[in-house]
1. Using the reciprocal of the averaged 1/r over all distinct C-alpha pairs, how large is the Kirkwood radius of segment 4-148 in Å?
2. Can you list the HN-Hα couplings for segment 21-37, worked out from phi with the Karplus curve (6.51, -1.76, 1.60; θ = phi - 60°), rounded to whole Hz and with x for Gly and Pro?
3. If you take the charge dipole of segment 167-296 about its Cα centre, with +1 on Lys and Arg Cβ and -1 on Asp and Glu Cβ, which of Val276, Ile248, Val210 is farthest toward its positive end?
4. Sorted by packing (mean other beta-carbon atoms within 10 Å per residue), highest first, where do 123-129, 194-200, 274-280 land?
5. Within the chain, which is the longest segment containing none of the chymotrypsin sites (Phe, Trp or Tyr not before Pro) that sit in a DSSP loop and have at most 14 other Cβ atoms within 10 Å?
6. With only alpha-carbon atoms in the gyration tensor, what are the semi-axes of the equivalent ellipsoid for segment 167-296, in Å, largest first?
7. Please state the charge dipole magnitude for the chain, taken about the Cα centre, from unit charges on C-beta atoms (+1 on K and R, -1 on D and E), reported in debye and rounded to the nearest 20.
8. Under 8 Å for C-alpha pairs, at least 6 residues apart: give me the relative contact order for the chain, rounded to a whole percent.
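Rule-based calculations on the coordinates, nothing more; no lab input. Small disclaimer: the values here were computed from a predicted structure and weren't measured. Methodologically, a virtual Cβ is constructed for each residue, glycine included, from the backbone with ideal geometry; neighbour enumeration extends over all protein chains shown.
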Amino acid sequence: MSAAVVRLPDVPPRARRVAIGTFDGVHLGHREVIRGADTVLTFHPHPVAVVRPEAAPRLLTTLERKARLVGELGVEELVVIPFDAEFSSQAAEQFVEDVLVGRLGATHVAVGENFRFGQRAQGTPEMLAADPRFETRVVPLLEVDGEVVSSSHIRGLIAGGAVHYAGELLGSPFVMQGPVAHGDKRGRTLGFPTANLVPRDGYLVPAHGVYACEVTLADGSKHAAATNVGVRPQFNTGRGELVEAYLIDWSGDIYGEPIEVAFIKRLRGEKRFASVDALLEQMAKDVEQARAATLRDRP
């Protein structure tokens, strides 16, 4: 069940246990911060996209998916601060007074140890902990295999194709969402019809290649899939980057319907083959590998 998404100006008054952060990806470290909270306070768009647009990261999760992920952790409310230049200039003390105490009625606050807030990032976890009006829990950064679990680290893994390890750090597979788009219908003529997603601007796309995936359709059914991410080097299509999922042992018409593509494991890189027959032979192998990996390797 998803948490209810509420804009900060529309929040109804009540006492709250609040976890604060951007929480892009809702990874294992984020989940420790969120543990025990009934409300997650987040920012949209990503603060860096406002403060330093040239350095804005490609996001791991849409607001919709973030609401679902925190809802699965028992959170009732995802409160969204519409982050803009005016809000970024707010003093840290004003954020505590107006947002945490005034709007949210916070009785408990949880943040990661590297959380900063307010104008010029002057607000610190220590400032929160010194406020007697609420109890503050400061969560140390989580390390796995000697690496700090962070959204930026996970973005790097996915951008390099290491989706299985990224899924382990996220706590669930990396997911892309969107409506099924019309493509060149070349897969259909080759015997491998695909459900196509056009990547959303500002959101992360895995490294080009072929992946074992699990696709969830609008009716909630889940299907193993062999998915190509890239520009289809075998054919001169003139199209840009596309995510093409071949749903194994399934057929139907889902154009325009929303789907989710969960990336389980990278099978190989994208390449050009000597002939269409060689491509078809490899695609048949990809399908069998994807079928096996989806059953075996889901994080």
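1. Numbers: mean 1/r = 0.0651 Å⁻¹.
With all distinct Cα pairs of segment 4-148 included, I get 15.4 Å.
2. Those phi angles translate into x, 6, 6, 6, x, 6, 7, 4, x, 4, 5, 6, 5, 6, 3, x, 8 Hz.
3. It is Val276.
4. Details: 123-129: 18.0, 194-200: 20.4, 274-280: 11.3.
Highest-to-lowest ranking by the protection proxy: 194-200, 123-129, 274-280.
5. Values: sites that count: Phe235, Tyr255, Phe273.
It works out to 1-234.
6. Numbers: eigenvalues 83, 56, 48 Å².
Gyration-tensor ellipsoid for segment 167-296: 20, 17, 15 Å.
7. In total the dipole reaches around 520 debye.
8. Numbers: 592 pairs, mean separation 49.7, N = 299.
The value is 17 percent.
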